[in-house]
Amino acid sequence: MAVMVAKDPTFVLVSTALDPDFYRRAYPDVAAAGADPFAHYAEVGWREGRDPAPWFSSAAYLEDHPDVAASGDNPLAHFLLIGAERGAKVRPSPLAAVHAPLAATPSPWTYIPAPRTPVPSAVAVAVETDAGETAEAAPAGADQAAYALVADAIDRRFYLAENPDVASRGVDPVVHFMESGWREGRDPAPWFSVSDYLELNPDVAASSIPPFVHYLQAGRQEGRLPRLELGFRYRILAALQPLEARVEAAEVYDTLTTPGAIDDLSALLADSRSGLRDLHLTFSHDDYSTNLGGVQLCLQREDAAAAASGRDHLHIYPVDSRPLLRRPGHGEPVGLVWNGVPVGVFSVATLVEGLETHLADVASGRRSLAIHSLLGHSVSDVLAIVRAAGMSAGWFWVHDFASVCASYHLLRNDVADCGAPPVGSPACGICVYGGHRQFHLDEHARLFAALDLSVAAPSQAALDTWRRGSGLSARQMIVAPLATLVPRSSSAKPAETATRPFRLAFPGLPSPLKGWPVFRDLVLRFAEDPRYEFLHLARDPAAGLPLAFHSVTVTPENPKAMQAQLEDLQVDAVMVWSLCRETFSFTTHEAAAAGAAILTGPDSGNVAAFVQATGLGEVIADEAALFELFDSGEILRLSRAQRKPALAELVHSRLTIDLLDGEAAR
C-alpha cells in the first residue's frame with residue numbers, strides 16, 4: 001500500500017503532518033499488520049474515521065466542513081492545502097488523552113502552508129515506474145521516457161527532506177525536479193549530485209540534458225561517477241566564508257536606533273530594588289529576555305536568583321550582533337536589560353556617565369560582575385562600564401571558547417575539532433579563523449590583566465580545554481555545573497513491550513553543528529527497517545523526513561519540557577552527535593534524566609566525557625561505526641527494555657548567584 005501512494009500528492013502532503021507514533025499507538029491493528037502509518041491513513045485510514053495526529057480529528061473536520069465530506073477529499077490534506085489558509089479550525093482527536101496525554105489539550109495548531117506553486121497541467125495517463133508504482137503524470141509535451149526514468153530512480157523521501165519548501169507545498173518531487181529542481185542544483189537522491197556531475201562532465205553541462213537523466217540513460221553504462229563521495233563536511237567547506245564576509249553579512253541586519261539620553265537612564269536606575277546598593281552586572285552576546293538558547297536560559301535563571309536575593313541586575317549586550325569581538329574605538333551602542341526587562345539602547349558614554357553619577361553617593365553593598373560572553377563587545381567598552389560601576393573583580397564563564405579563538409566552538413573551518421593548537425601553527429594557518437585568533441587572545445589577556453577575574457566552567461572537560469588553550473591566569477578556576485542529576489525515588493516507566501521498535505530521537509535544532517546531517521542519513525537509510533523508529537523533538541519541524549515530529553520548547557516556565565517528552569515517548573536513545581566540544585549540554589542531561597541513552601562521537605567535549613563517566617550511552621568512534629551498530633542491530637542492546645534505566649530529576653543551578661552565596665558563606 002505504501003508504495004502505491006508514496007508518489008501521490010495527497011500522500012506527500014499528509015506525510016508532512018501525520019504523527020506515526022501516535023497513529024500506531026491509537027490503532028494497534030495497523031501496528032500489528034506492519035502497515036506504514038502514512039500510507040494507511042492516506043489510502044484508507046481517513047475513510048475509516050481514523051485520526052492522523054493528536055491535534056486533528058478526521059471525523060470532526062468532516063462534520064464541521066460538509067463540503068469537504070461531500071467532495072470525498074482527505075480531511076487532513078484539505079486542511080493543510082486549503083483549510084488552514086482560510087482559517088479553518090480543527091478539533092483534537094478524542095484518542096489524544098489516552099495515546100498522547102501531553103497533547104490531550106493542545107494549543108491551537110499554527111501550521112500555515114506556503115503559497116502553492118502552480119504545477120503545469122499534466123496529461124491524463126500517469127507514469128508507470130519499473131517497480132509498478134504510479135507517479136504524478138508528466139506535464140503535457142514533456143519527455144515521457146525521461147520522466148519515467150526519473151520517477152523510478154528518484155528518492156522521494158530524500159528530496160522532500162532536503163527541500164522542505166517542496167514538501168510543504170505538496171508538489172510531486174519528480175515534477176519539481178524535472179521542471180526546476182535540477183536547474184537549481186537540487187539533488188534527486190543521496191547518491192547523486194547534480195553539481196558534481198556537471199562539474200565532472202563538461203559535455204553534459206554544455207548540453208540541455210538534465211544531468212540525472214543523462215546518468216540514467218548513458219552515464220552509468222559509461223562508468224561516470226554519480227557524485228564525489230565527500231560528505232556533508234565538504235558542503236560546509238565549499239560554502240565557507242572568511243570572517244570579514246560574515247561581519248559584512250551581519251551588518252545587513254544592523255538596526256538604526258537612537259540611543260537614549262542620560263535623563264532616560266537616570267529614570268531607569270531610580271527604579272531600583274536595593275537603591276543601587278546591591279548591583280549585579282552581567283555581559284553576554286544578546287538580550288537573554290527575548291531570545292532562546294542555552295546561555296539565555298542560564299541568564300534567565302541567574303536573573304531570577306538575583307531578584308529573589310534582592311539584588312538589582314543590569315545586563316548589557318551588543319545591539320548589533322557580531323561573530324567575534326569588536327575592535328577598540330568603534331563606539332557601538334549597547335542594549336540594556338534592567339531587572340529582567342529590556343529598557344532600550346544607550347551609548348557607552350551615556351551608560352558610563354549614568355553609572356558614575358548614580359553610584360557615586362551610594363554605599364557599596366553586594367556588587368558583583370559576571371561575564372557570560374564577550375562576542376560583539378569591545379573589551380575597552382566593557383572595562384569602561386565595569387570601572388564606572390565601581391567594580392574590579394568578578395566571574396568569567398566558559399560557555400564557549402571565544403577567549404581561546406575567534407572560532408568559539410574550536411572547529412577548524414567549521415568542520416573539525418582543532419583542540420586549540422599553538423598560535424601560528426600550520427593548523428591555524430589553514431583555518432579561516434587563524435588570522436583572528438591572536439586578536440581574541442590579546443583582548444582577553446587585556447581583560448584579565450585589568451580585572452581580578454575568577455573562572456567558572458560548566459564541566460571539567462571545558463575547564464581543561466580552556467586552561468590549555470587560553471594560557472590565562474585567574475584568581476581561581478572552578479567547575480560549576482549548570483545542572484545536576486538527582487536520583488528519583490520512583491522507578492522508570494516500564495517499556496511498552498520488549499518487541500516494539502527501538503526509538504531514536506534527535507533533540508533540538510536540526511543544525512550541522514549538532515550532527516543533523518548524520519541523523520538525517522541514518523533516518524533515510526533505515527526508515528523502512530521495522531526495528532527502528534525515528535523522532536525529532538524541537539520547536540520547529542524539518543519537513544520531509546519519514547519520522548515523528550514532536551514540538552518541544554524549553555522555557556523558564558517549562559524547564560523540563562524536553563525531559564518530559566523524552567520520558568513520555570519512551571525514547572530509547574538520543575543522538576547528540578556534536579561536531580564541537582560542548583562545554584556542558586543541557587540536552588545530554590535532560591536525556592539522562594529521562595532514562596534515554598546518549599549516542600555521541602569522540603569530539604563532543606563534555607557529552608563524551610559525561611557518557612564515559614556515567615556509562616549512560618555510548619561514545620562511537622565515527623559515523624561508519626554508528627551506521628554499523630544500526631545495520632547489525634547491536635544498537636538494540638541500548639533499548640529501555642534491556643537497560644531498565646533509572647530516572648532522575650534535573651536540578652538547575654543559579655549560576656553566578658550560587659557562586660556569590662558560596663563566597664559569602666566562607
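Some points to look at:
- Every pair of residues 6+ apart whose Cβ atoms lie under 9 Å, when the first sits in the range 519-536 and is farther than 13 Å from Arg503 by Cβ while the second is among the charged types (D, E, K, R) and buried (at least 19 other Cβ atoms within 10 Å of the Cβ): Arg520/Glu162; Leu524/Arg157; Ala527/Arg157; Glu528/Asp36
- On the stretch given as the range 41-52, residues that are within 14 Å of Pro20 (Cβ to Cβ) and open to solvent by 20 Å² or more (accessible area, probe 1.4 Å) total 1.
- Annotation: of all residues in the range 77-121 being at pLDDT below 85 and among the aromatic types (Phe, Trp, Tyr), the one that is surrounded by the fewest Cβ atoms within 10 Å (Cβ to Cβ) is Tyr111.
- Meets criteria (acidic (Asp, Glu), open to solvent by 10 Å² or more (accessible area, probe 1.4 Å), modelled with pLDDT of 95 or more and touching a Phe, Trp or Tyr at 6+ places or on another chain (Cβ under 9 Å)) for Glu590: no
- Condition broken by Leu336, with the remaining ones in (1) open to solvent by less than 10 Å² (accessible area, probe 1.4 Å); (2) part of a loop (DSSP other than H, G, I, E, B) satisfied: (2)
- Which numbered condition Ser380 fails, given (1) open to solvent by 10 Å² or more (accessible area, probe 1.4 Å); (2) part of a loop (DSSP other than H, G, I, E, B): (2)
- Checking each residue in the range 593-608 for being touching a Ser or Thr at 6+ places or on another chain (Cβ under 9 Å), modelled with pLDDT of 95 or more and closer than 24 Å to Phe627 by Cβ picks out Ala597, Ile598, Thr600, Gly601, Ser604, Gly605, Val607, Ala608.
- Residue match in the range 53-76 (condition: within 24 Å of Glu528 (Cα to Cα) and either open to solvent by 40 Å² or more (accessible area, probe 1.4 Å) or touching a Gly at 6+ places or on another chain (Cβ under 8 Å) (or both)): no
- Screening the range 593-666 for strands (runs of 3 or more DSSP E) wholly inside it with 1 or more residues that are small (Gly, Ala, Ser) and without any contact (Cβ under 8 Å) to a residue 60 or more places away in the chain returns the ranges 597-600, 617-619.
- Of the residues making up the range 225-250, just one is in contact (Cβ under 8 Å) with a residue 60 or more places away in the chain and in contact with a strand residue (DSSP E or B) (Cβ under 8 Å, 6 or more places away or on another chain), namely Arg233.
- Those helices (runs of 4 or more DSSP H) lying entirely in the range 192-277 with at least 1 residues among the small types (Gly, Ala, Ser) and open to solvent by less than 50 Å² (accessible area, probe 1.4 Å): 231-238, 243-251, 262-270
- Test for Thr465: is it closer than 19 Å to Gly294 by Cβ, under 32 Å from the mean Cα position of the chain (by Cα), among the polar types (S, T, N, Q) and open to solvent by 60 Å² or more (accessible area, probe 1.4 Å): no
- Residues in the range 445-462 that are of a type outside the set (Asp, Glu) and more than 29 Å from the chain's Cα centre (by Cα): Ala445, Arg446, Leu447, Phe448, Ala449, Ala450, Leu451, Leu453, Ser454.
- Restricting attention to the range 447-462, the residues being loosely packed, with under 15 Cβ neighbours inside 10 Å and under 24 Å from Pro323 (Cβ atoms) number 0.
- Subset of the range 314-326 [at pLDDT 90 or above and either of a type in the set (Gly, Ala, Ser) or more than 24 Å from the chain's Cα centre (by Cα) (or both)]: Leu314, His315, Ile316, Leu325, Arg326
- One residue from Val574, Val611, Val607 being surrounded by fewer than 24 Cβ atoms within 10 Å (Cβ to Cβ), β-branched (Val, Ile, Thr) and under 22 Å from Leu513 (Cα atoms): Val611
- Residue tally, condition over 25 Å from Ala308 (Cα atoms), touching a residue at least 60 places away in the same chain (Cβ under 8 Å), assigned to a helix (DSSP H, G or I) and open to solvent by 10 Å² or more (accessible area, probe 1.4 Å), over the range 340-377: 3
The values are calculated or read from the model by the stated rules, or taken from the named source; none is laboratory data. Nothing here was measured: the structure is a model prediction, and the numbers come from that model. With ideal geometry, Cβ positions are generated from the backbone for all residues, glycine too; neighbour counts draw on all protein chains shown. Areas reflect the complete protein model, heavy atoms only, side chains present, ligands, DNA and RNA absent. Shrake-Rupley method; radii C 1.70, N 1.55, O 1.52, S 1.80 Å.
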